[in-house]
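The values are calculated or read from the model by the stated rules, or taken from the named source; none is laboratory data. This is a predicted model, so every value here is computed, not measured. Quick reminder, even Gly has a Cβ in these numbers, built from the backbone with ideal geometry, and neighbours come from all protein chains shown.
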Amino acid sequence: MPTRPKPVHAMRANAGPILTRLQETPPLVQGCALGPEELHRRADALRSDAGFRARLIAAFEATRAARQPSQHIEEQIYDGYSGDADHLLMEEFYTLPWEDRVSIIERFEDPRLRELGIRLINCERPDLLDKAVRQAHSTRIARNLLGLDSEVPWLSLRDAIQEADGLLERRARGPELDFLQDHRAALEQRLADAMRVIRREKDGA
């Protein structure tokens with residue numbers, strides 16, 4: 001499978017592949033030299049042989065490194081698709097007033113959607129959630145921003161401030177200097193806010 005020229009080319013369904021009628025395909029497209037009869041024959045062979053399709057998929061999957069499930073919900077979108085029932089609930093969720101969305105969250109079968117739903121409400125209408133839930137989310141956000149839970153796949157506040165310092169040391173001037181200084185000050189304020197949340201959590205407030 002990994003040899004070149006590749007006997008099979010993978011085409012990502014979510015990458016916007018260009019589809020066109022065979023008779024309208026530009027001559028420079030790879031495969032046109034085979035002629036329409038051979039292309040149709042191959043397409044028909046694939047459609048009629050489910051076993052061959054399964055072996056192709058298995059061979060392709062065998063060349064890919066096994067992906068470990070992520071503990072971060074932001075990356076769990078790649079762990080599988082939600083069911084049809086959840087898709088209908090998602091449509092309902094986005095058409096209802098915020099006050100009515102809370103009751104839908106527990107009806108989701110996919111735990112990822114329940115967590116994301118709570119996070120969305122906490123962001124837009126935190127007043128609809130219990131105080132304990134709001135505090136838990138504030139603590140989670142603060143820990144994420146501070147990078148307190150082992151390694152995280154995003155830029156922590158301290159790392160962002162360090163990068164800003166590096167840019168400032170390169171003698172930025174004019175509007176660029178003003179922007180970087182303002183941005184660094186905003187990061188410092190966010191850092192102080194996050195640390196305040198963590199201290200309050202430790203004090204049991």
* Of residues in the stretch 141-200 being in a loop (DSSP other than H, G, I, E, B) and of a type in the set (A, V, I, L, M), the one farthest from the chain's Cα centre (by Cα) -> A172
* To do: Pick out the one residue from V152, V197 that is touching a Ser or Thr at 6+ places or on another chain (Cβ under 8 Å) and within 30 Å of I77 (Cβ to Cβ).
  => V197
* Structure fact -> Of those in the stretch 28-56 that are of a type in the set (D, E) and either modelled with pLDDT under 80 or surrounded by 10 or more Cβ atoms within 10 Å (Cβ to Cβ) (or both), the residue farthest from the chain's Cα centre (by Cα) is E38
* Asked: When only residues in the stretch 155-205 that are over 25 Å from A136 (Cβ atoms) and among the basic types (K, R) count, which is modelled with the highest pLDDT?
  -> R184
* Structure fact -> Of T25, T3, T20, the only residue that is more than 18 Å from the chain's Cα centre (by Cα), of a type in the set (S, T, N, Q), modelled with pLDDT under 80 and outside the structural domain of W154 (by TED's automatic domain parsing) is T3
* **Test result for T25, of a type outside the set (D, E, K, R) and touching a residue at least 60 places away in the same chain (Cβ under 8 Å)** => no
* Working carefully through the options T20, T3, T63, find the one that is over 30 Å from R119 (Cβ atoms) and touching a residue at least 60 places away in the same chain (Cβ under 8 Å). => T63
